[in-house]
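Structure, as structure tokens:
The values are calculated or read from the model by the stated rules, or taken from the named source; none is laboratory data. Keep in mind that this is a model prediction, so the values were computed, not measured. Don't worry about glycine lacking a Cβ; one is built from the backbone with ideal geometry, like all the others, and counts go over all protein chains shown. To get the accessible areas, we keep the full protein, side chains included, count just its heavy atoms, and leave off ligands, DNA and RNA. Shrake-Rupley method; radii C 1.70, N 1.55, O 1.52, S 1.80 Å.
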Amino acid sequence: MNDPLLIREEITLQSLEHSDVFVLVLSAHQAFSSSDLYLLRVLNAMRLDRLVVFVNRVDELSNPARDIPKIDGHVKKMLDRECPGADIPVVFGSAYIAAHAIDDIDGANFKTLDAIYDINNQPDVSETRKFSDPTREKLWVASGLPILEQHLSNLLTTGPGLVWKQSAEVDLGNVNNLILRDSETRLNNLKVQQ
């Protein structure tokens, strides 16, 4: 059993068991290859309620306004077929565009940027980054990462994050009660001394 691919797959599967959320990254050019479907099936067997699909490389599409709805339909059809009834968010974006926004790389010339920006410019998504440069801000929104971050935040605060938050609230309440009791005891001791 010295097959590096099998060993890598086993390590991946073990890592997935300890993950709180999953982001399945697909290529806009080939959404749901056979390996993507395999991974989706593995995730489906685990905890599909913690999955977001990110379709990357939409900046390379010749006509995003036309192509993204088609890809979205295909992805949702595959998700419905493989995971009936699951409500899995699908986000479209580009890591390449995000890199341009973050690093302020000169020469970012995206002929499709406006169409991608229009698709990802949603008012209900909290702004995770606010660039003073409007071009960088537009790139950031077009990258899809603010929407992805919003979905991940929602998953974490309704699942593992909620449990952590509730535990922290109890712990902080206990600390608060101890501080109050200690303060009351000290105050009473000062009153007795006077």
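Quick check: at a probe of 1.4 Å, how many percent of the accessible area of the chain sits on carbon and sulfur atoms?
The computed percentage sits at 53.
Between residue 33 and residue 111, what is the label-to-label distance in nm when each label sits 7 Å out along the Cα-to-Cβ direction?
A separation of 2.6 nm, rounded to one decimal place.
Quick one: grab the alpha carbon gyration tensor of the stretch 133-194, order the square roots of its eigenvalues as a ≥ b ≥ c, and give me rounded if a/c is under 1.5, else prolate or oblate depending on whether a/b is larger than b/c.
oblate
For the chain, what proportion of DSSP beta bridges, expressed in % and rounded to the nearest 5, is antiparallel?
Counting DSSP beta bridges with both partners in the chain, the antiparallel share is about 10 percent.
For residue 12 and residue 74 in the same chain, what is the full-extension length gain: residue separation times 0.36 nm, less their Cα-Cα distance, in nm?
19.7 nm
Sequence-distant or interchain residues sharing an amide H contact under 5 Å with residue 54, placed H: which?
Close amide H contacts, sequence-distant or interchain: 24, 25, 26, 91.
Take the alpha carbon atoms of the stretch 21-38, find their center, do the same for the stretch 150-194, and report the distance between the two centers in whole angstrom.
What the calculation gives is 43 Å, centre to centre.
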